[in-house]
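The values are calculated or read from the model by the stated rules, or taken from the named source; none is laboratory data. Keep in mind it's a predicted model, so treat the numbers as computed, not measured. Cβ coordinates were reconstructed from backbone atoms using ideal geometry, including for glycine residues, and neighbour counts include every protein chain displayed. SASA here: full protein model, heavy atoms, side chains in, ligands and nucleic acids out. Shrake-Rupley method; radii C 1.70, N 1.55, O 1.52, S 1.80 Å.
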Amino acid sequence: MLSVQQLNPFEEVNLLFDRAADRLCLPDGCREMLRRPWRELQVQVPVRMDDGQVKVFAGYRVQHNAARGPYKGGVRYHPEAGLDEIRALASLMTWKTALVNIPFGGAKGGVQCDPNALSHDELNRLTRRYTIGIEHLIAPHRDIPAPDMGTNSQTMAWMMDAYGLIHGHSPAVVTGKPVELGGSLGREAATGRGVVTILQEMARDMPMDLKGARIVVQGLGNVGSWVVRLANEQGCKVVGASDASGGIYNPKGLDVTTLLAVKGLDVPADDLPAGERVTNQELLELDCDVLIPAAIGNVITAANASRIKARLIMEAANHPTTPEADEILADRGIVLLPDILVNAGGVIVSYFEWTQNLQEFRWDEDQVNQELAKILIAAYREMRAKAKTRNLTYREAALEIGVERVARAVELRGFV
Ligand code: GLU
């Protein structure tokens with residue numbers, strides 16, 4: 001087995017990219033253009049804290065590729081949101097938008113901070129300073145940020161406001177805004193809804209009966225909590241769930257209403273749904289049908305892949321599986337659906353939000369959900385057909401479709 005323990009997240013993504021580029025026989029120059037980000041910016045983000053002290057954070061915006069349209073991707077607030085992590089996520093955005101065939105490139109931004117340790121006012125000031133730092137790189141037809149881990153619609157409202165103070169009212173400069181400020185109906189639920197849409201398609205094809213299917217969800221943030229809610233509506237039994245403080249397990253199924261009502265699992269046992277406390281490591285190895293990592297990256301590794309019991313892994317998080325773990329899971333016959341398809345619902349509805357803002361028009365929620373399903377299911381079918389005819393894993397097939405589209409756009413533009 002290949003040993004890739006020393007690789008950072010960006011090198012890991014590029015390892016997958018290189019394999020796709022090899023299969024596509026991409027010329028060296030094009031390969032080099034697609035490996036590296038087009039532009040990277042690091043900015044200082046000084047924030048006056050509530051106690052009067054000034055703390056300085058590191059902020060980033062990495063623009064990976066815009067051959068197919070404006071740069072697009074979230075902004076992450078996390079202690080591990082360093083440059084290599086952001087580069088990896090920016091590159092994944094390029095392949096994600098290409099795979100689902102929406103007219104965007106890929107970017108990612110972030111501020112290395114712990115948002116849970118900051119007050120509402122501190123987060124407001126931090127977001128404004130970060131926005132001022134990257135303001136010259138973003139614009140409605142240049143680069144459009146959105147929420148990611150540690151950020152939400154409130155963060156986007158502050159970004160839109162800070163940008164608008166310089167450039168005039170520009171709702172299309174960010175997506176994932178509050179609905180009251182031009183956000184799209186359905187955007188909040190979109191990533192989780194996309195995960196469950198793909199789950200339904202895959203279950204039909206496997207086949208696996210979703211009624212009573214035992215699912216485990218790591219992460220109860222925006223994506224994880226919507227997955228729990230919508231999978232439960234499809235008749236799945238949520239047997240395990242976790243947040244950063246740890247997990248809870250009940251083989252008979254957790255009470256989803258209590259699970260979703262409780263604000264974080266770090267509360268007295270009486271407030272939690274009935275079940276046994278487990279660590280995040282134990283959670284991943286629980287006996288279940290579907291495992292859905294919906295939190296941080298690199299959680300399924302060579303250290304635990306041989307103990308995973310799920311039949312199907314759906315990557316709702318970005319880059320939760322290392323390349324070594326990928327090989328172990330494939331050898332064990334565990335089906336894995338990759339992040340760039342599974343969590344693409346968010347950026348697809350971001351695309352709808354952007355078009356609604358540009359047209360100064362609003363779609364109703366049913367229309368948003370229907371169009372989302374149409375785009376996602378088409379991408380799923382394309383990926384599955386390629387994987388079957390070419391004997392590729394789903395990750396390989398998905399990446400190859402994305403890389404081929406971007407390479408073609410680069411070639412057609414002819415700017416080299
Ligand atoms: N942060 C989300 C992602 O990783 C959404 C990005 C967007 O909507 O631009 O796909």
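What to note about this one:
- Considering segment 14-34, and only residues there that are of a type outside the set (Lys, Arg) and free of Cβ contacts under 8 Å to residues at least 24 places away in the same chain, the residue that is least open to solvent (accessible area, probe 1.4 Å) turns out to be Asp18.
- Residue within segment 15-29 that is at negative phi, part of a loop (DSSP other than H, G, I, E, B) and not acidic (Asp, Glu) present: yes
- Failed criterion for Ala385 (all others in (1) aliphatic (A, V, I, L, M); (2) open to solvent by less than 100 Å² (accessible area, probe 1.4 Å); (3) touching a residue at least 40 places away in the same chain (Cβ under 8 Å) hold): (3)
- Thr94 meets all of the listed conditions (1) surrounded by 24 or more Cβ atoms within 10 Å (Cβ to Cβ); (2) of a type in the set (Val, Ile, Thr); (3) more than 16 Å from the chain's Cα centre (by Cα) but one, namely (3).
- Enumeration of residues in segment 267-321 that are open to solvent by 40 Å² or more (accessible area, probe 1.4 Å) and assigned to a loop (DSSP other than H, G, I, E, B): Val267, Pro268, Ala274, Gly275, Thr279, Asp287, Ile296, Asn298, Ala303, Lys309, Arg311
- Qualifying residue in segment 158-168 (condition: of a type in the set (Ser, Thr, Tyr) and either assigned to a helix (DSSP H, G or I) or over 26 Å from Ser225 (Cβ atoms) (or both)): yes
- Answer residue from segment 50-61, given it is part of a strand (DSSP E or B) and away from the ligand (no atom under 13 Å from the Cβ) and is farthest from Pro320 (Cα to Cα) among those: Val54
- Checking segment 54-75 against the condition returns a match, with at least one residue being of a type in the set (S, T, N, Q) and surrounded by 15 or more Cβ atoms within 10 Å (Cβ to Cβ).
- Residue in segment 371-389 that is hydroxyl-bearing (Ser, Thr, Tyr) and not in a helix (DSSP H, G or I) present: no
- Test for Val45: is it surrounded by fewer than 18 Cβ atoms within 10 Å (Cβ to Cβ), under 24 Å from Leu118 (Cα atoms) and either more than 16 Å from the ligand (Cβ to nearest atom) or hydroxyl-bearing (Ser, Thr, Tyr) (or both): no
- Within segment 354-370, not a single residue is within 30 Å of Met160 (Cα to Cα), among the aliphatic types (A, V, I, L, M), in contact with a strand residue (DSSP E or B) (Cβ under 7 Å, 6 or more places away or on another chain) and not in a loop (DSSP other than H, G, I, E, B).
- A count restricted to segment 66-87 and to residues that are within 15 Å of the ligand (Cβ to nearest atom), closer than 16 Å to Ala407 by Cβ and of a type in the set (A, V, I, L, M, F, W, C) stands at 1.
- A Cβ distance below 8 Å, combined with a sequence gap of six or more or placement on separate chains, defines the contacts here; from segment 125-143, residues that are closer than 16 Å to Tyr71 by Cβ and of a type outside the set (Gly, Ala, Ser) reach residues that are part of a helix (DSSP H, G or I) and open to solvent by 40 Å² or more (accessible area, probe 1.4 Å) in the pairs Glu135/Ile166; Glu135/His167; Pro140/Leu358.
- Restricting Thr155, Thr175, Thr127 to those that are open to solvent by less than 40 Å² (accessible area, probe 1.4 Å), on the phi < 0 side of the Ramachandran plot and either assigned to a loop (DSSP other than H, G, I, E, B) or acidic (Asp, Glu) (or both) reduces the list to Thr175.
- When Ala90 is tested against (1) more than 12 Å from the ligand (Cβ to nearest atom); (2) touching a Gly at 6+ places or on another chain (Cβ under 7 Å); (3) free of Cβ contacts under 8 Å to residues at least 60 places away in the same chain; (4) assigned to a helix (DSSP H, G or I), just one condition goes unmet, and that condition is (1).
- Scope segment 103-124; condition crowded, with 20+ Cβ neighbours inside 10 Å and within 17 Å of Gln63 (Cβ to Cβ); matching residues: Phe104, Gly105, Gly106, Ala107, Lys108, Gly109, Gly110, Val111
- Criterion violated by Asp84 - all others in (1) of a type in the set (D, E, K, R); (2) open to solvent by 10 Å² or more (accessible area, probe 1.4 Å); (3) not in a helix (DSSP H, G or I) satisfied: (3)
- Between Val349, Val335, the distinction of being open to solvent by less than 20 Å² (accessible area, probe 1.4 Å) and touching a residue at least 24 places away in the same chain (Cβ under 8 Å) belongs to Val349 only.
Residue-wise test of (1) within 11 Å of the ligand (Cβ to nearest atom); (2) not charged (D, E, K, R).
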{"site": "Lys96", "(1), (2)": "yes, no"}
{"site": "Ile102", "(1), (2)": "yes, yes"}
{"site": "Gly109", "(1), (2)": "yes, yes"}
{"site": "Asp114", "(1), (2)": "no, no"}
{"site": "His120", "(1), (2)": "no, yes"}
{"site": "Thr127", "(1), (2)": "no, yes"}
{"site": "Gly133", "(1), (2)": "no, yes"}
{"site": "Pro145", "(1), (2)": "yes, yes"}
